[in-house]
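The values are calculated or read from the model by the stated rules, or taken from the named source; none is laboratory data. Computed from a prediction, not measured in an experiment: that's the story for all the values here. Backbone-built Cβ (ideal geometry, glycine too); neighbour counts: all protein chains shown.
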Amino acid sequence: VHLLAYCIVPAGHPLPPGIKGVSGAPVTSLRVDEDIDVWVSPSERRPTAGVEAARAHHRVVAAAMDTVTTPVPLRFGQFFPDDVAAVAAVRRESRRWLELLRRFAGHAEYGARVDLPDVSTGSQLDEPARDVHQQAPRSGSAYMAALAQRHAASAQARAERERLARSLAADGLVADARQTAVQGTGAISFAHLVAWKHADAYRAFMQKVGEADQGSFEAHFTGPWPPYSFVE
Amino acid sequence: MAEFISHPDDELSLSELVNRVLDRGAVISGDVTISVGGVDLVYLGLRLVLSSAETMRDRAGDER
């Protein structure tokens, strides 16, 4: 039977009874080696991406999480012809999975999406979008002035991003961080890896950052998540 | 407004969930194939690169 894989966990990590995966299929745990298991469910065909399928995938990964153990979350859609192929594929990189399990233990991912209304709204954060109604500069000096203005706006956007990154990662509450521009928007997406023991302090700190900067940007915080953003 | 979403199934965090599940997370095998609207899409490596499976097959055929 074909299999869909969800996450990698330490060997023997308890599977919640009756847990269902994509399309309501029962999830089981496969032993890979003495250190790791992989959670899978039977699937007749390649999965179809959608909100419900994504939710189902995430529910299984989240069910593997507690304050001690954090799974290695797998990307949706990992499909194997049978359990032998699934185990062999996981085993090929077993050292990598074990290292990630050790690194993630006792941690969770938190997300912060920050919308910067005063900087670029184009796909490139460093290239502020020009107003389409704005007339093109008609002379060389006007062109140079417009260019200088764009450079200044880019520098301001960069400085704002750096300031945000510094303030969001402050106080030693964040074990690791990722920062990406959200394509097609002026938003920045932060992912923070936070130890459970620091979770309350982290949330309080982020609330404070969000409130202090209210007006200059809009922030939405999410979490805790399995560490989807930290597998590389 | 700063607000923590404690439950990942909350509507506001749905796009974050979909983004994480479909675009992040570890890849065991080289490629991940999923179907969207009846078209097979192929993810290559750890970064999201979308191409229809049909295109991939055509390209593979051309290279032979």
Search result, residues across the stretch A:70-94 that are modelled with pLDDT of 95 or more and within 20 Å of the chain's Cα centre (by Cα): A:T70, A:P71, A:V72, A:P73, A:L74
Residue among A:V87, A:V72 that is surrounded by 17 or more Cβ atoms within 10 Å (Cβ to Cβ) and touching a residue at least 60 places away in the same chain (Cβ under 8 Å): A:V72
Elements of type helices (runs of 4 or more DSSP H) contained in the stretch A:4-116, each with 1 or more residues being over 23 Å from A:E232 (Cβ atoms): A:51-63, A:83-91
Residue satisfying condition, being at pLDDT 95 or above and in contact with a Lys or Arg (Cβ under 6 Å, 6 or more places away or on another chain), within set A:V40, A:V27, A:V32, A:V9: A:V32
Every residue from the stretch A:95-138 that is of a type outside the set (F, W, Y), farther than 21 Å from B:S15 by Cβ and at pLDDT 80 or above: A:R95, A:R96, A:L98, A:E99, A:L100, A:L101, A:R102, A:R103, A:A105, A:G106, A:H107
Residues located in the stretch A:10-38, provided they are touching a helix residue (DSSP H, G or I) at 6+ places or on another chain (Cβ under 7 Å) and of a type outside the set (D, E, K, R): A:P10, A:P16, A:I19, A:G21, A:V22, A:V27, A:L30, A:V32, A:I36, A:V38
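For every residue, the table says whether it meets (1) outside any strand (DSSP E or B); (2) at pLDDT below 75; (3) more than 19 Å from A:P73 (Cβ to Cβ).
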residue	(1), (2), (3)
A:T185	yes, yes, yes
A:A191	no, no, no
A:H198	yes, no, yes
A:A201	yes, no, yes
A:A204	yes, no, yes
A:Q207	yes, no, yes
A:E211	yes, yes, yes
A:H220	no, no, yes
A:P224	no, no, no
